[in-house]
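Colleague: Can you keep this structure in mind? I'll have questions shortly.
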């Protein structure tokens, strides 16, 4: 019968091995469990143990049993199917957003070429690429909240905020005579600060869990 320290050590070693077999980073696993990556790091170093429900969820995520993680049974082999599924998901999480972004800019390029052939709108054709930015970052923001970690979510959302306000400012500047509309960027800065506060709050909430 293993004592508490031995269980922590075995759990840490087996968690590390199973996680690496599945090609999952500490941060990715932490987000799936709604914990911080520091908590996962402590588990892997044998400094602490998560609660029983979290251990069960870890087992489900990594394709191993709770008994194995706690040293109550021999080392299993992570099914090849599970390993392949993890790798496939990781590839999809990169490939789909990349293709989507390229697709949006392909459409912007087509519109640019079309507008260049129309004398009345030809001077504005270059703005096709600027106005495509918010659309692209909306798409990337959606994918980041589905597949990516907090830093990627924050970056994509921040780029969405600034590109949207830049597009609005450019459109208003081109087609209207509104004075001092540049102050719209003050609203943009306020929204960015709110975004920072929310992400910092979420980060520390996970860190202290």
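Rule-based calculations on the coordinates, nothing more; no lab input. Please read all numbers here as calculations on a predicted model, not as lab measurements. Note that each Cβ is placed from the backbone with ideal geometry, even for glycine, and that neighbours are counted across all protein chains shown.
Colleague: Multiply the residue gap between residue 138 and residue 45 by 0.36 nm, knock off their C-alpha separation, and tell me the result in nm, one decimal place.
Modeller: Gain on stretching residue 138 to residue 45: 29.6 nm.
Colleague: Using the beta-carbon distance between residue 117 and residue 178 and R0 = 35 Å, what value does 1/(1 + (r/R0)^6) give for FRET efficiency, to the nearest 0.05?
Modeller: 0.70
Colleague: State, as an integer percentage, the relative contact order of the chain based on alpha-carbon contacts under 8 Å between residues 6 or more apart.
Modeller: 19 percent
Colleague: Can you give me the convex hull volume of the Cα atoms of the range 145-201, divided per residue and expressed in Å³?
Modeller: Taking the convex hull of the Cα positions in the range 145-201, it is 67 Å³ per residue.
Colleague: I've got another one for you. Divide by every residue of the chain the summed helix terms, -39500 (n - 2.57) for each DSSP H run of at least 4, and state the resulting mean residue ellipticity at 222 nm, rounded to the nearest 500 deg cm²/dmol.
Modeller: -25500 deg cm²/dmol
Colleague: Okay, next question. So what's the projected area for the range 4-78, the Cα convex hull averaged over all directions, in nm²?
Modeller: 4.1 nm²
Colleague: Report which label in [x] 50, 50, 29; [y] 82, 36, 20; [z] 68, 48, 33 holds the value of Cα extents along the principal axes in Å derived from the coordinates of this structure.
Modeller: [y]
Colleague: Here is a follow-up. One-quarter of the Cα convex hull surface for the range 87-207, in nm²?
Modeller: 9.0 nm²
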